[in-house]
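Chemist: Here it is: the structure, laid out below.
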Amino acid sequence: MGMSENSWTEENMSFYRLFKFVTSVRGQKKLLNLFWKIIKYIIRKTTGINLSITPGYKQWKKINFPKKSQLDRLRIEEKELNYRPKISIILPVFDPPENYFKAALQSVINQVYSNWELCIADDLSSNENIRNIILNFAQKDNRIKYVFREENGHISASSNSAIDISTGEYISFLDHDDLLSPDALYENVLALNNDKEIDFIYSDEDKVDEREKFINPYFKPDWCPDNFLVRNYICHFTLIKSSLVKEAEGFRIGYEGSQDYDLFLRVTEKAKKIHHISKILYHWRMHRESTSLKMEAKPYAHNAGIKSVQDALDRRGVKGEVFLVQEPGCSGFYKVRYHIEDQKKVSVIIPSKDQTKLTDDCISSIFKLTNYSDYEVILMNNNSSEQSFFDMVKKWEENEPNRFKCINDKGEFNFSRLMNKSAEQSNGEYLLLLNNDTEIINDDWMTAMVEQAQRKSIGAVGVKLIYRNDTVQHAGVVIGLGGIAGHTFIGSDKNDLVYYDYLKTIKNYSAVTAACLMVRKETYEEVGGFNEELAIEFNDVDFCLKLKETGYNNIYLPHVTLYHYESVSRGHPHKTKESYDRHLREMNIFTEKWQKYMDHDPCYNKHLSLIYTDFRIKVK
């Protein structure tokens, strides 16, 4: 059947309108945005990299990015600094997109701090115009030095060539398509003026996409050595004393893809003082040719990363094995499993008052699943009255006469006092504090905790605790979160791809919860155990901070997961006036002692929220 003239005209008009829309500026913008959304979705699903604008970052930038008037003021102030060392910026170059390369060079020229030199090593770029760009920029600014390599040697060799022509007291690094914030060098030199003992500095960073939008900020913690064995979280922007780089003999050939990581691992071992500047000073370029998106480079980069971490363990005389963890949607990180040199006894300390079924299930899961051979379970009975509880005790004394004992205490409930009393009567070299409302899931839980607790640098070892619905109850403690201290990522799915895979990676935190905490007994005694003035609250955080103040690093293990039925056994701590008064008293004790950590938790970043638990940006 034929189509009417009117309907044919209507269809033609529809196509005409569509054509006009597609060819219009507005239509092209919409199509470009749709295309960009599809690209971002594919990248997020295949690599775990989220290219979306981080909530709150646009507002944060308006407040925190330096304005022209501020930069003009800094240009005056930098000349008045007492210490004005020369900074050598190392720039290896190989066939960058010309527009991004020019922008990178211009970001150096735009620095408000003026005592720098830019040391460029072109690694035999095939694009002849790259050489011309270098020559033109060098002709206009005599602080720009260059070397044209006669053979392509990859990034390690090229970077070393740039280092060879450097003369500065400090060395920093720039990729050939990235951007420095105008105040990057100034902020680093300002830190050196405040403390000349610093010889390694790193800062926060973000990414800049092909539309020149700043996205994906990474607000980093202060120096956390165990975070650094997981991945190169330092990354950009770094400033290192030249003598340290030269003592380390620069970049090593054969570590391409993780050459920075390898160098930083070696240099941080020698550094006297490592400093973190909590500002975005570097913009990592994301485009089709950049290393931040070029996923085909990953296999050799990850292999070089494994080799770098394994070398670090070997240099430090530590026996362990490095594994790459790469899951769908995850960008990849490393996990070290340490060899246990001596299977020393672990004393598992469980406080309880009645709650027979709960406590029995906890103990049963320990004896049923634990594959670590040498341990004892100490049940600290605090005023239990149920006959079923004593029947349970008798059962375990008969079933596990060599690995179970019950200590009776008739005093008023004071968690700290009970822990100290149990520790005194324990036989183990390791103490494992465990709530009776927990349940073991994995058979190697204790083994994995001992691996870390045996290390002399480690204080408290904490784990991932989850509710029965597989959401997070504890994955580390941030001081100041929620007022005094709070758990991270509460309510997230246990496998969520949250803030740079933090739920999945081994991390240093200032504190972990005593619901499941391991520590060497000698270290427990060294810091005086638990503070008995803190009978109910904040005692585990106080204990962890005492360890940190003594020089130990506390650590969270994501691969050790337990169920935790929080506060089932004791109920809500503030249900009476007396308990609320005690809460205020203990809060004041903690605050007076640890205000500096509440003001700034070194394992957290000041630009992250102290209200929300998911590491979102704090926006004023």
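Chemist: Assuming R0 = 35 Å, can you tell me the calculated FRET efficiency for the pair Tyr300 and Asp195, based on Cβ-Cβ distance, to the nearest 0.05?
Modeler: Working from the Cβ atoms, E equals 0.35.
Chemist: Toward the positive end of the charge dipole of the chain, about the Cα centre and with charges on Cβ (Lys, Arg +1; Asp, Glu -1), which of Trp396, Ile441, Leu124 goes farthest?
Modeler: The Cα lying farthest towards the positive end belongs to Leu124.
Chemist: Can I ask one more? If each of Leu324 and Asn99 carries a label point 7 Å out from its Cα toward its Cβ, how far apart are those two points in nm?
Modeler: Taking the two extended label points, one gets 3.4 nm.
Chemist: Taking every DSSP beta bridge with both residues inside region 178-299, roughly what % is antiparallel (nearest 5)?
Modeler: About 45 percent, rounded to the nearest 5.
Chemist: List the pair-distance distribution P(r) of region 505-596, using every Cα-Cα distance, as the percent of pairs falling in each 10 Å bin from 0 up to the bin containing the longest distance, rounded to whole percents.
Modeler: With 10 Å bins starting at 0, P(r) equals 14, 42, 35, 10, 0.
Chemist: From the P(r) of region 355-421, could you give the percentage of C-alpha pairs in the tail past 13 Å?
Modeler: Considering region 355-421, 66 percent of its Cα-Cα pairs are separated by more than 13 Å.
Chemist: Next question. How far apart, in nm, are the 7 Å Cα→Cβ label points at Asn442 and Phe148?
Modeler: 5.5
Chemist: Work out how much length Asn136 to Lys68 would gain on full extension: take 0.36 nm times their residue separation and subtract the Cα-Cα distance, in nm to one decimal.
Modeler: Gain on extension, Asn136 to Lys68, equals 21.8 nm.
Chemist: Per the 1.4 Å probe, what fraction of the accessible area of the chain, in percent, lies on carbon and sulfur atoms?
Modeler: Carbon plus sulfur share of accessible area: 51 percent.
Chemist: Also: Considering just Cα atoms, how many Å³ per residue does the convex hull of the chain enclose?
Modeler: Looking at the chain, the number lands at 230 Å³ per residue.
Chemist: Determine Rg/Rh for region 91-188; Rg is computed over alpha-carbon atoms and Rh is the Kirkwood hydrodynamic estimate from the same atoms.
Modeler: Expressed as Rg/Rh, it is 0.93.
Chemist: On to the next question. With a 1.4 Å probe and every protein chain left in place, work out the accessible area per residue of the chain in Å², rounded to a whole number.
Modeler: Value returned for the chain: 45 Å² of accessible area per residue.
Chemist: Compute from the Cα atoms of region 196-275 the Rg and the Dmax, the latter being the longest Cα-Cα distance, and quote both in angstrom.
Modeler: Using the Cα atoms of region 196-275, the pair Rg, Dmax is 13.7, 41 Å.
Chemist: Mean separation of Cα pairs under 8 Å and 6+ residues apart, divided by the residue count of the chain: what relative contact order is that in percent?
Modeler: Averaging sequence separation for qualifying contacts and normalising by length gives 12 percent for the chain.
Chemist: Counting helices only, and only those DSSP H runs with n ≥ 4, report the 222 nm mean residue ellipticity of the chain as the sum of -39,500 (n - 2.57) divided by its residues, in deg cm²/dmol to the nearest 500.
Modeler: Taking each H run of at least 4 residues, the total per residue is -12000 deg cm²/dmol.
Chemist: Kirkwood Rh over alpha-carbon pairs of region 91-144, then Stokes-Einstein at 37 °C and 0.692 mPa s: what D in µm² s⁻¹, rounded to an integer?
Modeler: 286
Chemist: A follow-up question, please. Hey, which aspartates and glutamates would be in cross-link range of Lys319, C-alpha to C-alpha under 14 Å, not counting anything within fewer than 8 residues on its own chain?
Modeler: Asp311, Glu341, Asp342, Glu451
Chemist: Same structure, new question: How large is the accessible surface of Arg315 in square angstrom, using a 1.4 angstrom probe and rounding to the nearest 10?
Modeler: In the full protein context, Arg315 sits at about 100 Å².
Chemist: Place +1 on the Cβ of every Lys and Arg and -1 on the Cβ of every Asp and Glu in the chain, take the dipole about the Cα centre, and give the residue among Tyr499, His564, Asn420 whose Cα lies farthest towards its positive end.
Modeler: Among Tyr499, His564, Asn420, the one farthest towards the positive end of the dipole of the chain is Tyr499.
Chemist: Multiply the residue gap between Ile484 and Asn110 by 0.36 nm, knock off their C-alpha separation, and tell me the result in nm, one decimal place.
Modeler: Contour length minus Cα-Cα distance gives 130.4 nm.
Chemist: Further question on the same structure: For the residue pair Thr167 and Glu424, what label-to-label distance in nm results when each label sits 7 Å from Cα along the Cα-to-beta-carbon direction?
Modeler: 6.9
Chemist: What Rg and what Dmax come out for region 125-164 when only alpha-carbon atoms are used, in angstroms?
Modeler: Considering region 125-164 through its Cα atoms, Rg and Dmax are 10.9, 28 Å.
Chemist: Can you give the extra length, in nm with one decimal, that the chain gains between Met598 and Gln59 once fully stretched, where that is 0.36 nm per residue apart less the Cα-Cα distance?
Modeler: That works out to 191.6 nm of additional length.
Chemist: Provide the FRET efficiency to the nearest 0.05 for the Lys577-Asp391 pair, computing r from the beta carbons and using R0 = 45 Å.
Modeler: 0.80
Chemist: For a 32 Å ceiling on Cα separation, which of these pairs sit above it: Lys335/Lys521; Lys213/Lys307; Lys220/Lys270?
Modeler: Where the Cα-Cα span goes over 32 Å, the pairs concerned are Lys213/Lys307.
The values are calculated or read from the model by the stated rules, or taken from the named source; none is laboratory data. Predicted model only: the values in this text are computed from it and were never measured. Cβ sites come from the backbone with ideal geometry, for glycine too, and all protein chains shown count toward neighbours. Please note that ligands, DNA and RNA were not included when accessible areas were found on the heavy atoms of the full protein model with its side chains. Shrake-Rupley method; radii C 1.70, N 1.55, O 1.52, S 1.80 Å.
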